[in-house]
Amino acid sequence: MQLQRDFILALAIASGVFASTGTQAAAPMAKGQAPGFYQMMLGDFQVTALSDGTADLAVGKLLTHTTSAKVAAALKRAYLKDPVQTSVNAFLINTGTKLVLVDTGAAGLFGPTLGNLAANLKAAGYQPDQIDEIYITHMHPDHVGGLMAGDKMVFPNAVVRADKRDADFWLSQANLDKAPQDGKGFFQGAMASLNPYVAAGKFKPFEGNTELVPGVRALASRGHTPGHTTYVAESKGEKLVLIGDLVHVVAVQFPDPTVTIQFDSNPKAAEAQRKKAFGDAAKNGYWIGAAHIAFPGIGHIRTAGKKGYAWVPANYSVVR
Amino acid sequence: MVSEQCTRALALVAGGMLFLGAAQAAAPMMKGQAPGYYRMMLGDFQVTALSDGTVDFPVGKLLTNVTQAAIDKGLARAYLKDPVQASVNAFLVNTGTKLVLIDTGTGNLFGPTLGKLAANLKAAGVQPEQVDEIYISHLHVDHGGGLMAGDKMVFPNAVVRADKHDADYWLSQANTDKAPKEAKGLFEGAMKSLNPYVAAGKFRPFDGNTELVPGVRALASRGHTPGHTTYVVESKGEKLALIGDLVHVVAVQFPDPTVTHAGDSDTKSAVAQRRKTFADTAANGYWIGAAHIAFPGIGHIRTAGKGYDWVPADYSVVR
């Protein structure tokens, strides 16, 4: 009896040992990624890149004013394959007195892989109700969608600002009515996201170049949409230009900024704005932040070759 | 009575307004960064880059076989200033049956801005006790230091492996004794980190190219240290070479791979290994992971003029 009990005990211990090796084998493959925020100082300001997630962009189909062979060659040079998992980024600027959010991600308007902005904002240590001002680069759904969560305003204490020309275009019932069937979603998304703020008296459009809060100003960069706007943050001689959708695919549009995208309202103007922004950033060496450059989407631009440019992503650094 | 109510109402209003105003103004500036891990799939394997933190590299002092003008030019072209905040990365490979950690960060041997590896491993969902195997690229303190936390083994269930040439060199009391004073710390750090694993029968050195677990092998890349080793991970036709310290400063050593590091044991061999690795990677297009390339330190290499370009991994989410 005692012997048998000892034997069972020994077995139990042995199987315990077995179990402990079991915990060491076959760890599950994890999904997802670390919380999507990246902070840097810009003079006295703090800028935090916020990831809304990533979405697969079928760049071969979407890019225009190029050939599929050129696109394929450019992707290959960057070790990428079509479709490209593309970042959707927004940027928080803490000026010391104001919290300014530039763009808001897609919320549920662009599929389940996006809509992570509010979660990442919280992971970075902020609550949505702390946001004072929201500046929209343009009213495409992946930039304004995050203003609303269903029928709730995500940023109840914020004033929302955007160029009047984008508001006039995307919030117009007449434009929605005359839009082709596959284009109506853009208008409906903009309206669903903005109208509650308009109704609450929280939307204050501006027209063209405008100083918004000390150290942050709007700079018209119309073309991708009628009122597409770049936001310039400056503190203590350091400068960051948030260029929204002036570029979508680094691998293709940096070597050749003349390549456009189907979403451009006015491809010629969009191309001109991209060339101007790249040329000026390369010449003057300030920081760039972009909505669709690989997260965190912050870096610099330098010339490369005769007509092209190279993206220089920020060197990973920890704020101390 | 009316006046009292009025005062109270005013106080409430004022208080409320003050509170509202205060809540929206002057959010504090944040320190630090998001948890430092980055995952990717490599065939059936999962690789997680882990940040041990960053440290200021005085590039002008650290790099050798180069002019200050060339350094300045390389840094300016990359929009960097000396000192450069440099990453210290390690890599976890989940083969499906084994958890293999390549390098361990600094522990407490390299100052307060480093030593974050165990915290970031946990943030990534893995406990140190789960790690089965640890492969050390070389026994410098920013690679082996994380094996110990004070006098405790951080990875009690792991076997530690490294090239015998590095173990023989850095764990030798005779070498410590004859080392110049300012270099003794490197030997002492290696011993402090490895000896407890040696004593516990948990350290198993190998000699040169060796298959370690299915899909992960050691490839001798000696030069930076006598037993510096690259670890090659392969699954389903995808390949990642973890090159340890074959490069320290992308902005300078990619345009010119002949630039060396003051810590290289044998600069000639270190240059030869860097050139060989860059050329092979650029020709064959596999993934590279490096200890001191900006976190996550994973990407590709392509030729650029007489030198090379670093192409960092495009941020992607594992779905």
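One table, with the values for the structure above:
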read-out	value
Some residue of the stretch B:242-256 being over 17 Å from B:TRP310 (Cα atoms) and either out of contact with any Cys (no Cβ under 8 Å at 6 or more places or on another chain) or modelled with pLDDT under 95 (or both)	no
Among (1) over 19 Å from the mean Cα position of the chain (by Cα); (2) in contact (Cβ under 8 Å) with a residue 40 or more places away in the chain - the single one A:LYS283 does not satisfy	(2)
Matching option when the condition is under 28 Å from B:THR277 (Cα atoms), more than 21 Å from the chain's Cα centre (by Cα) and among the small types (Gly, Ala, Ser), among B:GLY223, B:GLY208	B:GLY208
Residues that are under 14 Å from the mean Cα position of the chain (by Cα) and within 7 Å of chain A (Cβ to nearest Cβ), drawn from the stretch B:37-51	B:TYR37, B:TYR38
Answer residue from the stretch B:128-140, given it is more than 9 Å from chain A (Cβ to nearest Cβ) and assigned to a loop (DSSP other than H, G, I, E, B) and is farthest from B:PHE57 (Cα to Cα) among those	B:ILE136
Qualifying residue in the stretch B:105-112 (condition: farther than 22 Å from B:HIS224 by Cβ, touching an Asp or Glu at 6+ places or on another chain (Cβ under 9 Å), away from chain A (no Cβ under 12 Å) and modelled with pLDDT of 95 or more)	no
Identity of the residue in the stretch A:262-311, of a type outside the set (Gly, Ala, Ser), part of a strand (DSSP E or B) and crowded, with 17+ Cβ neighbours inside 10 Å, that ends up nearest to the other protein chains (Cβ to nearest Cβ)	A:HIS300
Some residue of the stretch A:241-252 being more than 20 Å from A:ASN89 (Cα to Cα) and either of a type in the set (A, V, I, L, M) or modelled with pLDDT of 95 or more (or both)	no
Tally of residues being of a type in the set (Gly, Ala, Ser) and either closer than 22 Å to A:GLN33 by Cβ or at pLDDT 95 or above (or both) across the stretch B:19-40	3
Failed criterion for A:GLY115 (all others in (1) in contact (Cβ under 8 Å) with a residue 24 or more places away in the chain; (2) surrounded by fewer than 19 Cβ atoms within 10 Å (Cβ to Cβ); (3) at positive phi hold)	(2)
Residue that is nearest to A:LYS152 (Cα to Cα) [pool: residues in the stretch A:195-210 that are in contact with a strand residue (DSSP E or B) (Cβ under 6 Å, 6 or more places away or on another chain) and part of a helix (DSSP H, G or I)]	A:PRO196
Residue among A:LYS76, A:LYS70, A:LYS61 that alone is modelled with pLDDT of 95 or more, facing chain B (nearest Cβ under 10 Å) and outside any loop (DSSP other than H, G, I, E, B)	A:LYS76
Close pairs (7 angstrom Cβ cut-off, 6 or more residues apart or separate chains): over 16 Å from B:GLY201 (Cα atoms) in the stretch B:127-138, hydrophobic (A, V, I, L, M, F, W, C) and in a helix (DSSP H, G or I) anywhere	B:PRO128/B:ALA118; B:PRO128/B:LEU121
Segments classed as helices (runs of 4 or more DSSP H), wholly inside the stretch A:126-185, with at least 2 members that are away from every other protein chain (no Cβ under 14 Å) and surrounded by fewer than 23 Cβ atoms within 10 Å (Cβ to Cβ)	A:164-170, A:173-178
Top-ranked residue in the stretch A:81-103 [being surrounded by fewer than 21 Cβ atoms within 10 Å (Cβ to Cβ) and within 11 Å of chain B (Cβ to nearest Cβ); ranked as farthest from A:ASP151 (Cα to Cα)]	A:LYS81
Boolean, B:THR64 is more than 20 Å from the chain's Cα centre (by Cα), over 30 Å from B:GLU129 (Cβ atoms), β-branched (Val, Ile, Thr) and surrounded by fewer than 17 Cβ atoms within 10 Å (Cβ to Cβ)	yes
Output for the stretch B:267-296, where each listed residue is in a loop (DSSP other than H, G, I, E, B) and more than 14 Å from B:PHE254 (Cα to Cα)	B:GLY285, B:TYR286, B:ALA291, B:PHE295, B:PRO296
Test: residue in the stretch B:173-181 that is in contact with a strand residue (DSSP E or B) (Cβ under 8 Å, 6 or more places away or on another chain) and farther than 19 Å from B:LEU114 by Cβ	no
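Each row is one residue, and each column tells you yes or no for (1) surrounded by fewer than 16 Cβ atoms within 10 Å (Cβ to Cβ); (2) at pLDDT 95 or above; (3) among the polar types (S, T, N, Q).
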residue: A:LEU9; (1), (2), (3): yes, no, no
residue: A:ALA14; (1), (2), (3): yes, no, no
residue: A:ALA19; (1), (2), (3): yes, no, no
residue: A:TYR38; (1), (2), (3): no, yes, no
residue: A:SER51; (1), (2), (3): no, yes, yes
residue: A:HIS65; (1), (2), (3): yes, yes, no
residue: A:GLY105; (1), (2), (3): no, yes, no
residue: A:LEU109; (1), (2), (3): no, no, no
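The values are calculated or read from the model by the stated rules, or taken from the named source; none is laboratory data. A quick note: this is a predicted structure, and the numbers were derived from the prediction, not measured. When we count neighbours, we look across all protein chains shown, and the Cβ atoms used for this are built from the backbone with ideal geometry, even at glycine.
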